[in-house]
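Structure first, commentary second.
The values are calculated or read from the model by the stated rules, or taken from the named source; none is laboratory data. No experiment lies behind these values; they were computed from the predicted model shown. Reconstructed Cβ throughout: ideal geometry from the backbone, glycine too, with neighbour counts over all protein chains shown. For accessibility, only protein heavy atoms count, side chains too; no ligands or nucleic acids. Shrake-Rupley method; radii C 1.70, N 1.55, O 1.52, S 1.80 Å.
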Amino acid sequence: MKKKTLSLLAILLFVGVVLAACGGEDENDTDGASDSEETVTLRLAENHPEDYPTTIGDKEFARLVEEKTDGRYEIEVYSGGQLGEESEVLEQLQLGTIELARVNAIPLTQFSDQIGVLSMPYLFEDEDKKWEKLNGEVGQELLGTLDGSGLKGLAFYDSGERSFYNSVRPVSTPEDMKGLQIRVQSSDLAIAIVESLGASATPMEYGEVYSALQTGVIDGAENNFPSYYTAGHYEVTPYFTVNGYQGTPEVLLASESIWDDLSEEDKQAFSEAAMESVEVQREAWAELTEEAREAVVEAGSELTEVDDISEWREAVQPVYDEFGEQYADWIEKLTE
Ligand code: GTR
């Protein structure tokens, strides 16, 4: 009798466990957020420090997504490159192991050869027009060229203009660039630009640049004032040439596999949140650009203003000869 009761109990227990397992939530079901009221937490990778303008934009995006989805989605921003260098983050986004990220548009060239147009030298002449285009239809169309690559482009963030800096000598003309070893982001276009100026290009991850500059592995790099400042490059690379040769923006991205699982309503909420966060990011951008410029001068950087930018434009003409045709339609759309 006792034995029988025990085995009955064991059966009941087993059935109970099986039922509980069947009723449990499917871990792969990201739709879970809309089925239940549970909060889904997504990670956003950011390679700049906490108070950098892109991080401020990311956090505004996170706040808006939470608000627009009534707290069903929560986004945690991992700043300072905690989730890896840009190329690693992009791979993880493709795999879906990181859900969201903010990266620069230059490394995106390997996912959409059309997005490379944004890195053409001296492409944008008018900031207002640039942002009207990037925030408008052309921008969305360009982000759409990433579709199918594993990445979903949500919005562009400001990254101002990139200029060259080095530790060897003041550079005021393209002629002065000859023979310098310059770090670039990993892209054929970035390499072609540096080579058109008679310098040598060394592709390298952002996080490795400081020590490469410090140890003299490279003579210089190129970036905007906020990056030159916050990454500490100014400490080891005093000659900054204000020649703003490239206006490549930043991009807010989602992993396409996560995106595809969102309901139409949530997609709309994420897209709106991304676009609405641009304004806050751009305000923070304008502030830090000024602050960074003043700070590096105070710390001893020597800025060389370029009086005649047409010399530089002419020098990079080979880049237009090589890539201009490929991007002709986009160049027209972005600048008309
Ligand atoms: C910065 C950009 C970073 C990174 C870096 C680089 O301006 O914000 O995301 O791309 O440049 O040069 O690698």
Would you mind finding the one in Ala190, Ala201 that is in the same structural domain as Val319 (by TED's automatic domain parsing), near the ligand (Cβ under 10 Å from one of its atoms), within 25 Å of the chain's Cα centre (by Cα) and among the hydrophobic types (A, V, I, L, M, F, W, C)?
-> Ala190
Output the residues belonging to segment 176-192 that are part of a loop (DSSP other than H, G, I, E, B) and open to solvent by 50 Å² or more (accessible area, probe 1.4 Å).
-> Lys178, Gly179, Ser186
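For segment 112-123, which residues satisfy the criterion of being at pLDDT below 95 and open to solvent by 30 Å² or more (accessible area, probe 1.4 Å)? Working first, answer last.
The initial filter retains those residues of segment 112-123 that are at pLDDT below 95, namely 112-113.
The answer is Asp113, and nothing else.
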For segment 130-141, enumerate the residues that are open to solvent by less than 70 Å² (accessible area, probe 1.4 Å) and in a helix (DSSP H, G or I).
-> Lys130, Trp131, Lys133, Leu134, Val138, Gly139
Residues (more than 16 Å from the ligand (Cβ to nearest atom), touching a residue at least 40 places away in the same chain (Cβ under 8 Å) and open to solvent by 10 Å² or more (accessible area, probe 1.4 Å)) located in segment 142-175 | Asp147, Gly148, Ser149, Gly150, Lys152, Ser167, Val168, Arg169, Pro170, Ser172, Thr173, Pro174
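Which members of segment 214-223 meet the condition of being of a type in the set (A, V, I, L, M) and within 12 Å of the ligand (Cβ to nearest atom)? Before you say what the answer is, go through the steps one by one.
Within segment 214-223, the first condition is being of a type in the set (A, V, I, L, M), and the residues that meet it are 217-218, 221.
Once the filter is applied, which keeps residues that are of a type in the set (A, V, I, L, M) and within 12 Å of the ligand (Cβ to nearest atom), segment 214-223 yields only Ala221.
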How many residues, within segment 292-301, are in contact (Cβ under 8 Å) with a residue 40 or more places away in the chain and surrounded by 13 or more Cβ atoms within 10 Å (Cβ to Cβ)?
-> 5
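So which residues in segment 176-187 are more than 16 Å from the ligand (Cβ to nearest atom) and among the aliphatic types (A, V, I, L, M), if there are any at all? Break it down stepwise before answering.
Taking segment 176-187 as the starting set, the residues that turn out to be more than 16 Å from the ligand (Cβ to nearest atom) are 176-180.
Hits for segment 176-187 are Met177, Leu180.
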Which one of Tyr210, Tyr206 is more than 10 Å from the ligand (Cβ to nearest atom), aromatic (Phe, Trp, Tyr) and open to solvent by 10 Å² or more (accessible area, probe 1.4 Å)?
-> Tyr210
Has segment 37-46 got any residue that is in contact with a Ser or Thr (Cβ under 6 Å, 6 or more places away or on another chain), at pLDDT 95 or above and either within 30 Å of Gly207 (Cα to Cα) or β-branched (Val, Ile, Thr) (or both)?
-> yes
Is it true that some residue in segment 124-138 is at pLDDT 95 or above, touching a strand residue (DSSP E or B) at 6+ places or on another chain (Cβ under 6 Å) and more than 16 Å from the ligand (Cβ to nearest atom)?
-> no
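Pick from segment 86-115 the residues that are acidic (Asp, Glu) and more than 13 Å from Val251 (Cα to Cα): which of them is nearest to the ligand (Cβ to nearest atom)? Don't jump to the end; show me each part of the working.
Here is the first cut: in segment 86-115, the ones acidic (Asp, Glu) are 86, 88, 91, 99, 113.
In the following step, the residues that additionally are more than 13 Å from Val251 (Cα to Cα) were identified as 88, 91, 99, 113.
Working: Glu88: 13, Glu91: 15, Glu99: 18, Asp113: 18 Å.
Taking the candidates together, the pick is Glu88.
When you go through Asn223, Asn243 one by one, which is the residue that is over 18 Å from the mean Cα position of the chain (by Cα), modelled with pLDDT of 95 or more, of a type in the set (S, T, N, Q) and under 19 Å from Arg313 (Cα atoms)? First the steps, then the outcome.
Working: Asn223 fails: over 18 Å from the mean Cα position of the chain (by Cα).
After applying the criteria, what remains is Asn243.
Test Ala221 against the stated conditions and say whether it is assigned by TED's automatic domain parsing to the domain that holds Gly84, open to solvent by less than 10 Å² (accessible area, probe 1.4 Å) and touching a strand residue (DSSP E or B) at 6+ places or on another chain (Cβ under 6 Å). Full working, then the answer.
Details: assigned by TED's automatic domain parsing to the domain that holds Gly84: no; open to solvent by less than 10 Å² (accessible area, probe 1.4 Å): yes; touching a strand residue (DSSP E or B) at 6+ places or on another chain (Cβ under 6 Å): yes.
Judged against the criteria, Ala221 is not a match.
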Counting only helices (runs of 4 or more DSSP H) wholly inside segment 30-129, the ones holding at least 2 residues that are of a type in the set (S, T, N, Q) are 53-68, 86-95
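Identify all residues within segment 224-244 that are open to solvent by less than 10 Å² (accessible area, probe 1.4 Å) and either within 9 Å of the ligand (Cβ to nearest atom) or touching a strand residue (DSSP E or B) at 6+ places or on another chain (Cβ under 9 Å) (or both); write none if there are none.
So the first thing to find is which residues in segment 224-244 are open to solvent by less than 10 Å² (accessible area, probe 1.4 Å), and the list is 224, 226-228, 232-233, 237, 240-241, 243.
Across segment 224-244, the qualifying residues are Asn224, Pro226, Ser227, Tyr228, His233, Thr237, Phe240, Thr241, Asn243.
Take the residues in segment 64-78 that are closer than 16 Å to Glu99 by Cα and open to solvent by 10 Å² or more (accessible area, probe 1.4 Å); name whichever of them is farthest from the chain's Cα centre (by Cα).
At the first step, the residues of segment 64-78 found to be closer than 16 Å to Glu99 by Cα are 65-66, 72-78.
Remaining after also requiring open to solvent by 10 Å² or more (accessible area, probe 1.4 Å): 66, 72, 74-78.
Values: Glu66: 21, Arg72: 25, Glu74: 20, Ile75: 17, Glu76: 16, Val77: 13, Tyr78: 13 Å.
Out of the qualifying residues, it is Arg72.
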